[in-house]
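The values are calculated or read from the model by the stated rules, or taken from the named source; none is laboratory data. Note that the coordinates shown come from a computational prediction; the quantities given were computed from them, not determined experimentally. All Cβ positions, even for glycine, are placed from backbone atoms using ideal geometry, and neighbour counts span all protein chains on display.
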Amino acid sequence: MVTTPSPTLKTLREAAALTQVELANRAGIARSTLARVEAGEGGIRSSTIRALVLVLASRFNQDATRLTSRELNEYADAFAVDPEWLEIVLTDP
C-alpha cells in the first residue's frame, strides 16, 4: 500500500503498477471515467468507486470487504469520501 499521508487515486494506481487503461479495464469502466475520477471531478457512482477499490485492493493482496481501518481510510481519502460510507459500499452485495 502507499505510505503517503493522504494518497490519491493516481498514487494508489501507480503503487499497484497499473496504467489508467489497465485499471479501467479491470474495473470494467472507461479510461475516460478513470481520468475524470483521478482529476477529482465529482458525480462518481458508488459502483465505480467499489469496482476501483476491489481491483486496487486485490493488487495489494487485500480483501476489500475486510479492510483495516487504516486501509479503509486510505481508500476513502483517495476518493474523498467518508470511510463509513465506503465500508458500506464495499460490503453491500
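Points to keep in mind about this one:
- Verdict on residue 35 being out of contact with any strand residue (DSSP E or B) (no Cβ under 6 Å at 6 or more places or on another chain), small (Gly, Ala, Ser) and over 20 Å from residue 19 (Cα atoms): no
- In segment 62-82, the residues that are outside any loop (DSSP other than H, G, I, E, B) and either touching a residue at least 24 places away in the same chain (Cβ under 8 Å) or in contact with a helix residue (DSSP H, G or I) (Cβ under 7 Å, 6 or more places away or on another chain) (or both): 64, 65, 71, 72, 73, 74, 75, 76, 77, 78, 79
- Selected residue (criterion: nearest to residue 9 (Cα to Cα)) from residues of segment 34-61 that are touching a helix residue (DSSP H, G or I) at 6+ places or on another chain (Cβ under 8 Å) and among the small types (Gly, Ala, Ser): 35
- Just one of the numbered conditions (1) at pLDDT 95 or above; (2) surrounded by 12 or more Cβ atoms within 10 Å (Cβ to Cβ) is not true of residue 11: (1).
- Residues of segment 52-61 that are in contact (Cβ under 8 Å) with a residue 12 or more places away in the chain and either part of a loop (DSSP other than H, G, I, E, B) or surrounded by fewer than 19 Cβ atoms within 10 Å (Cβ to Cβ) (or both): 54, 59, 60.
- Complete set of residues in segment 14-29 that are surrounded by 13 or more Cβ atoms within 10 Å (Cβ to Cβ) and either aliphatic (A, V, I, L, M) or touching a Leu at 6+ places or on another chain (Cβ under 7 Å) (or both): 15, 16, 18, 20, 23, 24, 27, 29
- The residue list 93, 7 contains one member that is in contact (Cβ under 8 Å) with a residue 60 or more places away in the chain and either out of contact with any strand residue (DSSP E or B) (no Cβ under 6 Å at 6 or more places or on another chain) or assigned to a helix (DSSP H, G or I) (or both), which is 7.
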